[in-house]
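*Asks:* Quick one: this structure, given as structure tokens, is what I'll be asking you about.
The values are calculated or read from the model by the stated rules, or taken from the named source; none is laboratory data. Quantities reported herein were computed from a predicted structural model and do not represent experimental measurements. Glycine also receives a Cβ, built like all others from the backbone with ideal geometry; neighbour counts cover every protein chain displayed. Just the protein is used for accessible areas: all its heavy atoms, side chains included, with ligands, DNA and RNA removed. Shrake-Rupley method; radii C 1.70, N 1.55, O 1.52, S 1.80 Å.
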Amino acid sequence: VSSHSLQQVRQAPAVDRGGPFERLSTFPVFLNTDVDDETVAEIVAAANGGNTLIYTDSENESLGFVDITDASNPLPAGNLPLGGEPTSVAVTGDYALACVNTSADYINTSGDLVVVDVNTKQVLQTLALGGQPDSIAISPDGAYAAICIENERDEDLGDGAPPQMPAGFMVIVDLAGAPAQWTARTVDMTGIADLFPEDPEPEYVDINRFNIAAVTLQENNHCVLVRLSTGTILHDFSFGTVDLDQVDTEEDDIITQTGSLTAVPREPDAITWTSPFTLATANEGDLNGGSRGFTTWTFWGQILFDAGNTVEHVTASLGHYPESRSENKGNEPEGVAFARFDGARYLFVGSERANLVYVYELLRGTVFGNSHPVLVQALPTGVGPEGLLAIPERDLFIVASEKDDRDAKFRSSVAVYGRTGNANYPDVVSKNRMSGEPIAWGALSGLATRNSNRRVYAVHDSYYQQSRIFTMRIRSANHAAQIQKETVITDPKNMLLGALMGLQVSLPGADDFDPTDIVNADTTVNLDMEGIEVGPAGSFWVASEGSGNLLAGISDADDRPFTSPNMLLQVNRHGEIIDVVFPPLSLTENQLRFGFEGVARKGRYLYVAFQRAWQDAGDATSVARIGRFDVNSRQWSFAHYPLDAATSPAGGWVGLSELTSLAGEQLAIVERDNQGGTDATIKRVYTIDAGSVKFMDAADVAQFEVFAKTLATDLIADGAFDATGGMVPEKIEGFTVLRNGISLLVNDNDGVDDSNGETRMLRLDDLF
């Protein structure tokens, strides 16, 4: 196989809100155990005409069951302990076949095929497999099961590379008669691949209608085709390498898709037949590979299509690009599945790190009935999508996502998508730059508009360096908002650098505070922008949240040292800083993290919301400050805002995350807890009257007046997230109101780090 594909697309296909599939529901799999349990949904299969899902839960050494008779309302159906770690599951008739790893270690390997009655959840038969199993597939005619016995290597042993014995192999199970009559045969796969012939490590298997199994030897970057009736190897080929341009190769907190990679081994994980004579692979990589895309192949190993850099580009245009994986394997496609839905032929490619499934339609062509895949949509998943399953007879598609971390506000889940033609993702996309790669974005944290129905401005937080303002076009509810322009903020006249150096002199105890960490040598700046407001003459005001605690004795002061103050910055239309405003020095000297979160303007006043109480500056725990800055007099004054009490079963806190100007003296405030999913209870929008209280000097904190607030919407109780089919996001952070009265809210996706990367822009009518 040559190092180049027959044809590579170098421009990212356009992705908008459209396509055949809609996410109908998301089932957090802890519902089958307990909310406090760590659970895993890795590989998923379907039984009972597609009404029952069965997933592997390696953490709890069990199979989990989900009733999806109502696809919009999945119900827990219990689990079955297996006495070992399930690695894969498949269904034939009324039987679920689970591969179970019972190995003592990497050398003393063992495993079983456990046969389960899907209706009674009773184990009917257990077949010893002779090694550590990974993937299982059942032939379309139900005659055979093929199982990859990987006998995976210990990645911590030596340099982690093969060969490491014992060698893996393949098991063929003849499924004739009742399970008690099933027999197993082995297929030796040593001596085939060029790289590590004595250690094949078969990874994944799929079977075509002629009962030929395609097996990936991932670490060997090799494919083996096996005739199941005889157990003979028909053909094998290398997956080869690929050259990539316009990809991000550095983990520097900036998404810069301008690098190149040469001769990257594909090293696919999953493989699927797309016809009796053609295949597709998800090129995850493992040892030294990972071409960040997928490839379609002929039976003989000729490349029909390679995605090149396009999957990376689509990922960035959707705000899902995992910058923290740039030096590794980028978005890291791992899963792939193919299915026919009536006359349509779809290829599903799952990205483990971007938490997306890309849906391609394979249109009829001239080469074995295939043409180049056409991207039709991208589906958001949970964190770490692993199992992809199509159920064409019910017009459903299923994704099992394995990562689970309640503290990080995401749970392992099974998501259900329906082929309704009413796609409900994405909400935000970006255009390409002139250089060809998309405007990369993520971690949106503030919104503003200038009396418009179409143009909105957004900022990102400190997850990314070289802070930018995005210009976004709002389109109809059937289309995603589109980021059309990025304006990099700069400090060409050293206004910010000079102000920070002056502040540094006033804060002798701030040993970790270095202004050159905030203002770069090229005059770009690294801010934690949490709010934006439109200023005069095409300018903007942005609120940058301070970083770290300044006072000694604070419980996490050592872990959260002061590195940046809270700031208001005015920038002109070109992004150049023209004004710098710090809060009173007495506040900065008492800085606690959880500072400036939003900014709103009314005449000569700028209002800022503090996220949480600053107790060391005199606030009670039940209030957060609203600051008011007089642009003419340059004076600050303050009042208190009453916070709702935390009600989440997971505990946590409640704070403010946005401040927006409304008509008259009214301000809208977004108030939220720091929980997501089923633990989230407070995602609300309130209004306050800025003229209803007297703002006072910071020194008079004990006499601060407290706003009365009026609820505009309770986003959870009012069902604002119901139409997304997903979980409630933790960080509702951006809010603005268009001229036509439509309110827009957006969540911060945390740069796809401990997050599924999903960005929702909610549109709410008639709030005010």
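*Asks:* Can you tell me the accessible area per residue over the range 417-560, all protein chains present, probe 1.4 angstrom, in square angstrom?
*Replies:* For the range 417-560, the per-residue accessible area is 39 Å².
*Asks:* Another question, then. Pick out, from Ile716, Leu738, Leu762, the residue whose Cα sits farthest towards the positive end of the charge dipole of the range 611-763, with +1 on the Cβ of Lys and Arg and -1 on the Cβ of Asp and Glu.
*Replies:* The residue sitting most towards the positive pole is Leu738.
*Asks:* Out of every Cα-Cα pair in the range 713-768, what percent are more than 14 Å apart?
*Replies:* For the range 713-768, the share of Cα pairs beyond 14 Å comes to 55 percent.
*Asks:* For the range 621-725, state what percent of all Cα-Cα pairs lands in each successive 5 Å bin, counting from 0 Å until the bin that includes the largest distance.
*Replies:* 2, 12, 19, 21, 18, 12, 8, 5, 2, 1
*Asks:* Follow-up. Among the listed pairs Lys403/Lys485; Lys485/Lys683; Lys485/Lys731, give every one whose C-alpha distance is greater than 28 Å.
*Replies:* Numbers: Lys403/Lys485 34 Å; Lys485/Lys683 30 Å; Lys485/Lys731 24 Å.
Correct reply: Lys403/Lys485; Lys485/Lys683.
*Asks:* In whole percent, how big is the carbon plus sulfur part of the accessible area of the chain, probe 1.4 Å, protein atoms only?
*Replies:* Result for the chain: 45 percent of the exposed heavy-atom area is carbon or sulfur.
*Asks:* To the nearest 10 degrees, how steep is helix 495-506 against the longest Cα principal axis of the chain, on a 0 to 90 scale?
*Replies:* So the helix axis and the longest Cα principal axis differ by about 70 degrees.
*Asks:* Would you calculate a helix-derived [θ] at 222 nm for the chain, using -39,500 (n - 2.57) for each DSSP H run of n ≥ 4 and dividing by the full residue count, to the nearest 500?
*Replies:* Rounded to the nearest 500, it is -1000 deg cm²/dmol.
*Asks:* Now for a separate question. Quick one: accessible area per residue over the range 581-704, 1.4 Å probe, rounded to a whole number of Å²?
*Replies:* 33 Å²
*Asks:* Size of the dipole of the chain about the Cα centre, Lys and Arg at +1 and Asp and Glu at -1 on the beta carbon, nothing else charged, in debye to 20?
*Replies:* 3700 debye
*Asks:* What number, in percent, do you get for the relative contact order of the chain if the mean sequence gap of Cα pairs under 8 Å and at least 6 apart is divided by its residue count?
*Replies:* Across the chain, relative contact order equals 10 percent.
*Asks:* Another one. Classify the range 84-242: rounded, prolate or oblate, from the alpha-carbon gyration tensor (a ≥ b ≥ c, eigenvalue square roots; a/c under 1.5 rounded; otherwise prolate if a/b is larger than b/c)?
*Replies:* It is oblate, given that a/c is not under 1.5 and a/b is not larger than b/c.
*Asks:* Moving on to the next point. Cross-link partners among lysines for Lys694, C-alpha distance below 25 Å, same-chain residues fewer than 8 apart left out?
*Replies:* Within the straight-line limit of under 25 Å, Lys694 reaches these lysines: Lys602, Lys709.
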